[in-house]
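This report refers to the structure that appears directly beneath it.
Nothing in this text is a laboratory measurement; each read-out follows from the coordinates by a stated rule. Keep in mind the model is a prediction, meaning the values are calculated, not measured. Positions of Cβ are backbone-derived with ideal geometry, glycine not excepted, and every protein chain shown enters the neighbour counts.
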Amino acid sequence: MSVSAKTLDQNEYFYGHKACAGCGGSLAVRNVLKVLGKNAVAVLPAGCMSAVGFNFPQLCFANNAIISTFAGTASMLTGIEAGFRRRGIKDFTAVGFAGDGGTADIGIQALSGAIDRNDNIIYICYDNEAYMNTGIQKSGLTPFGAKTTTTPAGQNIHGNIRPKKNMFEIVAAHDIPYAATATVGYMNDFLNKVEKASKIQGTKYIHVIAPCPTGWGIPVSDTVDAAREIVDCGLWYLAEYENHEFKINRDPKTFTSVEDYLRKQARFRHLSEQDIKIITDSRDKKWEFIRKNWN
Amino acid sequence: MEKFLSGDEAFAEGIRLACPDVISAYPITPQTIVVEKLSEMVEDGSLDAEFIHVESEHSALSCAMGASAAGVRAFTATSSQGLLYMAECLYYASGGRFPIVMMNANRSTALPWNIYGDQRDSLSQLDSGWIQAYAENAQESLDLALMSYYIAEHKTVSTPFMVNLDGFILTHTYEQVDVPTPEQAGKFLPPYETENKLDPENPKNMAFSAGPDTNYIFKYKEHAAMFRAIPVIEEAERRFAEIFGRQYSGLIDAYLTEDADYILITLGSIAGLCREIAGQLRENGVKAGVLRIRYMRPFPAEALAKAVSSAKALAVLEKDISFGNEGTVFTNVNSALHGAGMTAPAYNFIGGLGGRNISHQDIIRIFETIQSGTAKRVNFIGIGEEENS
């Protein structure tokens, strides 16, 4: 059964937390748990979602949930999955929710290990493109040109000088059973990927763009719009890796303006015409590769 | 059944008898034999456990915590750099009250690189909230593998347990070891049952944040639980003796200390040599004794002070140094002596760092210098005056 607003579980599993207004990460967690249901066992490392959801005695998960060490999301998932199996529990899904830093930087080793072992877990990276919980510092998934509190935009350097790490393809290179990209802007696509992942044996990885209004410098009402526009302008893409092959889910005939997408966000406001050209050229090059090589 | 086993092998036999559900393993010398043996036991079906090849020590303990949070018995093993690499998880496991058992092969810490035995790795983690025991021989290693689960998992304790074996000297030295039967082990060690687990019937949020109002209370409870381990250690040893016929002596192991004038305090595998020399000195009319610390946490402050109360002078021999101060065991012992109002002089002897041999003659010299009052407060065995200045 495909997941939609009509079929989505009306129960809430993540509520009463203190996430900021317009938080894309909490939207992702809330809806994923609706898809996976009450038998999800959630692991969240240090980061926004654990900081807002686990403040004793105000604990905000209706299902089983635990904070892992920052680097240990995947390895703790491994232990929980093995432990539940040993207890003879069959109906459960071990799911991790880690941010971009928790996934692409400090947690990448444990994630790689879990994929290598093909542990039966779902790992969701909610990507808001910087260490937002600690106050908007650059992570390995901060895009080129973004201003953060550790990549200031000045006369000499225009924000972050390096492009985003390509976690989707890094994960796929392990020949993982299932990997996908998504965005909270296209929720049906995202949640159907979650449901699909929940039916596949082995390690599953879903990388979901989850804007942070505070860190991106957008109005709190624009989270979903920004999460759509990043796909529409081609700077993010909706894709899957399955049965050893890449597949693009959405191939827009024309892209919306990269410049419009960037200019709406305070973190990119300093970019020069030349910076925007670098970003646009890089988008075009990536899409040329995708269209040539992916299904 | 009597077998000829190294310390590592004996420990692996003990773990097989304890039947952990999940074993997370990452290799590091001189711990490797333990995880190799356990993998063979899982392969041949004599141990029914999930053997998980983690990609680092940090993940080894993180995975063990996941298993423990899922409500099952978990084991891992490490050494030296590996212990330091997982240090974050040590504090996490004790704070989460996950009764994981871990073997640590005591090994020197880099730099300079060195694979041989000293105790700087585990002693640097005394504050991490783990029960810390130090085995003397292969038999005690096996027995501690079993007893550690009984103590760690006891409802009043619920605290992780680190069993330390001197690298190579104990991990790789072969001795005759009595390996109990699974039936005996099953009689001794009950299955792990806990409320401190994720549960589909009764969902929980675990490993949460606690602010300034409550954080301190959680920490105090952790501290109190460590002290509650003391009677549980006695209970475990009493039951162990009933079933296996071997009686251990709690937090300390005192040898000829009752009337001793000169007592050497130490820990780990060097204790046997120290006892032999104390025996020889007794034959020459010197009232020598040896006190082996079996548990560094909970620290046996009262038992230790009581056991050495007759002493005119004390030596603390340890394979450790806290740079800029003195040996950490010495600091702990002195605090206990001071707390008990003891005024006999105590001297620290640092030796064996990076696996340097501590000889028969070195131990005799320790007794001689504390007897003559010529020892310094902190003495470095085998370091000459030039290096010492």
>> For B:134, B:26, which order do you get if you count the other beta carbons within 10 Å of each Cβ and list the fewest first?
In response: B:26, B:134
> Taking a quarter of the surface of the Cα convex hull of segment B:140-212, what do you get in nm²?
Replying inline: 8.4 nm²
> So which trypsin sites (Lys or Arg not before Pro) in segment A:131-212 end up in coil per DSSP with only 10 or fewer other C-beta atoms within 10 Å?
Replying inline: A:199
> At 37 °C and 0.692 mPa s, what whole-number value in µm²/s does Stokes-Einstein give for the translational diffusion of segment A:220-266, with Rh from the Kirkwood sum over Cα pairs?
Replying inline: 276 µm²/s
> So for A:134, A:69, fewest C-beta neighbours within 10 Å to most, what's the order?
Replying inline: A:134, A:69
>> Let me check against my output: what whole-number percent is the relative contact order of chain B, with C-alpha pairs under 8 Å and at least 6 apart?
In response: 16 percent
> Within 10 Å of each Cβ of B:48-58, how many other protein chain Cβ atoms are there on average?
Replying inline: 5
>> Using Cβ contacts closer than 10 Å as the measure, can you line up B:68, A:26 from fewest to most?
In response: A:26, B:68
>> Over the Cα atoms of the protein assembly as shown, each weighted equally, I'd like the Debye log10 I(q)/I(0) at q = 0.05, 0.06, 0.07, 0.12 Å⁻¹, rounded to two decimals.
In response: -0.29, -0.41, -0.54, -1.17
> Once the other residues with Cβ under 13 Å from the Cβ of residue B:49 are scored (Lys, Arg +1; Asp, Glu -1), what is the net sum?
Replying inline: -1
>> Could you tell me which residue out of B:112, B:170, B:122 lies farthest along the dipole of chain B toward its positive end? Charges go on the beta carbon: Lys and Arg +1, Asp and Glu -1, centred on the Cα centre.
In response: B:122
> Which listed residue (B:353, A:104, B:75) has the Cα farthest towards the positive end of the charge dipole for the protein assembly as shown, taking +1 on Lys and Arg C-beta and -1 on Asp and Glu C-beta about the Cα centre?
Replying inline: A:104
>> As I understand it, the value is the acute angle between the Cα axis of helix A:223-232 and the longest principal axis of the Cα atoms of chain A; what does it come to in degrees, rounded to 10?
In response: 70 degrees
> Between residue A:201 and residue A:175, what length comes free when the chain is fully extended (0.36 nm per residue of separation minus the Cα-Cα distance, one decimal in nm)?
Replying inline: 8.0 nm
> If you take the Cα atoms of segment B:252-388, find Rg, then find the Kirkwood Rh from the mean of 1/r over all pairs, what is Rg/Rh?
Replying inline: 0.93
> Tilt of helix A:108-117 relative to the longest C-alpha principal axis of chain A, in degrees (0 to 90, nearest 10)?
Replying inline: 50 degrees
> In debye to the nearest 20, how big a dipole does segment A:24-293 give about its Cα centre with +1 on each Lys and Arg Cβ and -1 on each Asp and Glu Cβ?
Replying inline: 400 debye
> What does segment A:175-229 give for Rg and for Dmax, in Å, if only its C-alpha atoms count?
Replying inline: 13.3, 40
>> Suppose we take every Cα in segment B:2-244 and form the convex hull; what volume per residue is that in Å³?
In response: 122 Å³
> Quick one: helix B:32-43 against the long Cα principal axis of chain B, what's the angle to the nearest 10°, folded into 0 to 90?
Replying inline: 30 degrees
> Equivalent-ellipsoid semi-axes (√(5λ), Cα gyration tensor) for segment B:323-389, whole Å, largest first?
Replying inline: 22, 15, 12
> For segment B:282-327, with equal point scatterers placed on the C-alpha atoms only and solvent neglected, what are the log10 I(q)/I(0) values from the Debye formula at q = 0.19, 0.30 1/Å, to two decimals?
Replying inline: -0.80, -1.21
> Calculated from DSSP H runs of 4 or more alone, at -39500 (n - 2.57) each and per residue, what is the 222 nm mean residue ellipticity of chain A, nearest 500?
Replying inline: -10000 deg cm²/dmol
> How many nm separate the modelled label positions at residue A:292 and residue B:284, each set 7 Å beyond the Cα in the direction of the Cβ?
Replying inline: 8.5 nm
>> I need the semi-axes of the equivalent ellipsoid of segment A:115-237: take the C-alpha gyration tensor, multiply each eigenvalue by 5, square-root it, list largest first in whole angstrom.
In response: 28, 17, 12
>> For Cα pairs less than 8 Å apart in space and 6+ apart in sequence, what is the mean separation divided by the residue count of chain A, i.e. the relative contact order in percent?
In response: 17 percent
> Once Rh for segment A:196-288 is found with the Kirkwood sum over Cα pairs, what is the Stokes-Einstein diffusion coefficient at 37 °C and 0.692 mPa s, in µm²/s?
Replying inline: 219 µm²/s
>> Over the Cα atoms of chain A, what radius of gyration and what Dmax do you get, in Å?
In response: 18.3, 61
> With each pseudo-label sitting 7 Å past Cα toward Cβ, what's the residue B:340-residue A:91 distance in nm, one decimal?
Replying inline: 6.0 nm
> At residue B:193 and residue A:253, where each label point lies 7 Å from the Cα along Cα→Cβ, what is the point-to-point distance in nanometres?
Replying inline: 6.9 nm
> Just how large is the dipole of segment A:1-147 about the Cα centre, in debye to the nearest 20, putting +1 at every Lys and Arg Cβ and -1 at every Asp and Glu Cβ?
Replying inline: 320 debye
